[in-house]
Structure formats: C-alpha cells, structure tokens
Amino acid sequence: MQQLDLWDRRGFLKKSMLATLATALGTELAFAESLPKFHLPLALAASDPFDLKSKVPEMRVLSDRPWNVETPAHLLDDAVTPADRMFVRNNGLTPQIANVDAWTLTIDGESVPNPKTFSLEDLKKRFAHHTYRLTIECGGNGRYEYNPPGHGNQWQVGAVSCAAWTGVRLKDVLREVGFGQDAVYIGYYGRDVHLSGDPNKEVISRGVPMHKALEDETLLAWQMNGQDIPLVHGYPLRLVIGGWPGSVSGKWLYRIAVRNQVHDGQKMTGTSYRVPAHPVAPGTDVPDEDLKIIESMPVKSLITYPKTGAMLSENQTLAVRGHAWAGDHRVQAMHTSIDYGATWQPCTLQSPPNRLAWQQWNTTIRFPQPGYYEVWARATDDQGVMQPMVVPAWNPGGYVNNACHRIAVKKV
Ligand SMILES: Nc1nc2c(c(=O)[nH]1)N[C@H]1C(S)=C(S)[C@@H](COP(=O)(O)O)O[C@H]1N2
Ligand SMILES: [Mo]
C-alpha cells in the first residue's frame, strides 16, 4: 500500500482508511478528523508499517529504525525478485510523499553550466524508456562473518536483489542538460529524513564516476517489475545502478549533481563503503587516506533451492539451483562441491538477460551414502576470478564478503 493512498484531497486521512489504520495500530484512531494535514499518529509515522506489511513474514528484520530487512536465501529463488521478497536497506526514515505530481528532478553541480529541473512527466515524455534487470547488492552483505565484526547491520547472505527496473537512461538526460569536460563524478540526493528528524541533515548522498553514470544500464527509474516502485524502495523516482554497492542506487531521488571532483556527500568518506587500498591484518585501525571507494562488486553466488536443512531419502537425487553475479563482469562458470571444496562439479549456467543482471544456475547432485552433507556453491567470473571458500580480506566496515554460500543437507 502506498502511503499516498492514505490522504484525501485536503490532506486529511481518508475515512476509508480508518479501519486499516486501526488494525495496524491495534487500537481505534481517536480524533482522526482533527489530525493536522498529512500527519499520521506518531506510532505509525515512526515505524512505517504500511510498506513493510507487504513483505513476506519470513523476512529477517535487523532493525526497525531505520528499517533494515534481509531476505533468507531460499526466498530469493525467483529470477526476478518480487517486491515482497526484496531486502530493505534504509539509512534514514522513509519519506512521506504527499503530492507525487509535484515531484521534480534537478540536474546541477559544478560541471553543469545550465541546471535544469524535470517533472516526472517530462522525464517520461522526453526520453526513451528502457527496462533492465539489475543486481543490487548491499556493500555490507555478508558482514556477519567478519571477525572482529564490521560496524553496522550484521547482514547474512540476503541483502541482494535483481528486479526489472524501467525508466530513462541517466546519460540521455545528462546529455540533454549538458555538462563540461571537467565532469568527474555524479552525486545523488534523496528525500529521506535523517534519524534525528533534522530536515537539514543529509542521510546519504553517494555517486559514481562519469563512466559508470553514462552506461546504458544506469537508469532514472519510476517502475520496478512493471509497477510503481514501492515506497520503501524509492518511490516515485530512483537512480538504479547495477553491479556496484547498493548504496549508489539513490532512492526518493530529487537531485543529481555533476561534480568536478569525486563526490563528497554523506557516506562517501571515512570507513563508509570504503576498503583498505593495501592488505591489512584483521582489526587494524586504517587511516582514512588508506581507504578506497568500493566500485564493482566481486563475483558471488547463492543457493536458493533447496532451503538449508533439506532431508533426502534413499536413491533420491537433489536438484539444486540459484543465482550468480559478478559486478560489472559476467559469470563464466558455476561449480558445486559436497566434500568441503576438495572436488568441484560444473553446473548448468544461463546467460544474463542483459548486462548487470544475475544469472541462473542449476545442477543435480547424487550423494554417495547416507549422512550429513554441505553443498557449497562457487562462481567464476569472465576474468577467471573465483569466489573464495572462506571469508576474504578483513576490512573495517565489513564490506564485500563474497565467500561461497553453503547449505546443509541430510541423506537418510
Ligand atoms: N535515499 C536513499 N537511498 C538509498 C539508501 C538510503 O538509505 N537512502 N540506502 C542505500 C543502500 S545502502 C542500499 S544497499 C540500497 C538498498 O535498496 P533497497 O532498500 O531498495 O533494497 O539503497 C541505497 N539507496
Ligand atoms: Mo547498502
């Protein structure tokens, strides 16, 4: 349910919504008529239950202020991630979108001589539409395995999605606006609200170098899987950039600056989304100047069927499947092992529908005798680079853990 639907023309809660609201709150709404315009009772405004009620109940809530919710691996079985199974990573509070008709996107910055502002209608009418399936993986996915622990949400394996996004190419819009030779980077700005409630505080404002911003697949999107983007995923407009840390795909987008320097917005500096430029021992205090910004995400894969803990009876073979992705690269091979990585068997691997989309793989496994097994999955990218079997290089933020995914299987 979009929050938009809550309000009548005058900005008061719709009468037809009162029963739903009462259910969400667990109590009747007293004085709903006299609430100030576009105001929700505090209990609702704080936890934004409407959007997350639409998630499947098995999703793992890591925090509720801000919302951070991950998807268990077996719920990511679809080639195109449905909205109700998509992980949520908020750094601040989901904004309330009172009037979507008034939404605009401004392109400005040092490298833009003539800044321009577009309505959503302008974007939709004036530029060609494109749809791509794009893998979005949080840079901190897999953080739970680092020791000492990285600061932040202890994501396991499910902070990744691949939905079909529809919009216009950022490059088409930037070319129409015009930018100078000195352009280095873009930076996005979103309408989410800082946890402190201070409207002047930036929640997150990240970006990418021009070469990534100008790729065909970099979209200003208003649809996900053929529908309005759900509020929690960035309605009504989102920057979507596949293959790089999810943090570069700015939600609730209202401004893009074309910068003549590396963008220095919120969470572009310090240990945020940065890793040591040189190898360090676990627990090292790494100075800022030795950290570099994470760009393309490393090769990785997931087993999405069966769910870990599967029981298998005599003579049964096990059909195993999942997805594999490799940042800006393509996945070239997929293998599984049932002997802790001693030997590996090749899997069937599909081509991606477009660049930067995860690829589907599957295989059939026969287990030699009854007992406990682990199935490990390992992807190899088009450069011959493989997933490590154990946790890779420790880094202060606990980013880019692409160790092999494993599930437990028992043959009885
Ligand atoms: N405006 C805004 N955009 C944002 C964020 C945010 O907090 N605010 N989080 C980023 C991060 S860290 C990730 S991993 C992705 C998560 O996208 P999702 O919640 O749609 O899955 O959104 C990115 N875009
Ligand atoms: Mo993220």
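Annotation for the range 293-391: GluC sites (Glu not before Pro) lying in DSSP loop with at most 11 further Cβ atoms inside 10 Å of their Cβ are GLU314. Rolling a 1.4 Å probe over the protein heavy atoms of the chain, with every protein chain left in place, gives an accessible area that is 51 percent carbon and sulfur. Distance between the C-alpha centers of the range 332-388 and the range 132-174? Whole Å please. What the calculation gives is 21 Å, centre to centre. Only lysine pairs 8 or more places apart or on separate chains count here, and in the range 83-293 those with Cα atoms under 26 Å apart total 26. The protection proxy used here, the mean number of other Cβ atoms lying within 10 Å of each residue, ranks peptides 95-104, 133-142, 296-305 as follows, highest first: 133-142, 296-305, 95-104.
Across VAL56, VAL80, the residue with the most accessible area heads the list, and the full order at a 1.4 Å probe is VAL80, VAL56. Solvent-accessible surface of the chain, taken per residue with a 1.4 Å probe and all protein chains present: 44 Å². Rolling a 1.4 Å probe across all protein chains gives GLU289 an accessible area of roughly 150 Å². Of PHE179, PHE87, the order by accessible heavy-atom surface (1.4 Å probe, DNA, RNA and ligands excluded), from most exposed downward, is PHE179, PHE87. Remark: the THR343-ALA102 segment gains 80.9 nm on full extension, using 0.36 nm per residue and subtracting the alpha carbon distance. Taken over the range 83-293, the percentage of Cα pairs per 10 Å bin, counting from 0 up to the bin with the maximum distance, is 8, 34, 37, 17, 4, 0. Applying 1/(1 + (r/R0)^6) with R0 = 22 Å to the Cβ-Cβ distance of GLN383 and HIS278 gives a FRET efficiency near 0.55. Stretching the chain fully between ALA408 and ASN354 yields a gain of 16.2 nm (0.36 nm per residue, less the alpha carbon separation). Could you work out how far the C-alpha centroid of the range 82-104 sits from that of the range 220-277, in angstrom? Answer, in whole Å: 12. In the assembled protein chains, ASP290 presents an accessible area of approximately 60 Å² (probe radius 1.4 Å). For the listed peptides 155-167, 202-214, 258-270, a ranking on the average number of other beta carbons within 10 Å per residue, highest first, reads 155-167, 202-214, 258-270.
Most tightly packed first, judged by the mean number of other beta-carbon atoms within 10 Å of their residues, the peptides 359-365, 343-349 read 359-365, 343-349.
Pairs of C-alpha atoms in the chain farther apart than 35 Å represent 31 percent of all such pairs. Percent of Cα pairs in the range 167-209 per distance bin of 10 Å, from zero to the largest separation: 22, 40, 27, 11.
When the Cα positions of THR106, THR269, HIS335 are compared along the charge dipole of the chain, HIS335 comes out farthest toward the positive end, with charges on each C-beta of Lys, Arg, Asp and Glu.
Take the Kirkwood radius over Cα pairs of the range 181-241, plug it into Stokes-Einstein at 4 °C and 1.567 mPa s, and you get 98 µm²/s for translational diffusion.
The values are calculated or read from the model by the stated rules, or taken from the named source; none is laboratory data. This is a predicted model, so every value here is computed, not measured. Glycine gets a Cβ as well: all are built from the backbone with ideal geometry, and neighbour counts include every protein chain shown. Heads up: the accessible areas ignore ligands, DNA and RNA and are worked out on the full protein's heavy atoms, side chains in. Shrake-Rupley method; radii C 1.70, N 1.55, O 1.52, S 1.80 Å.
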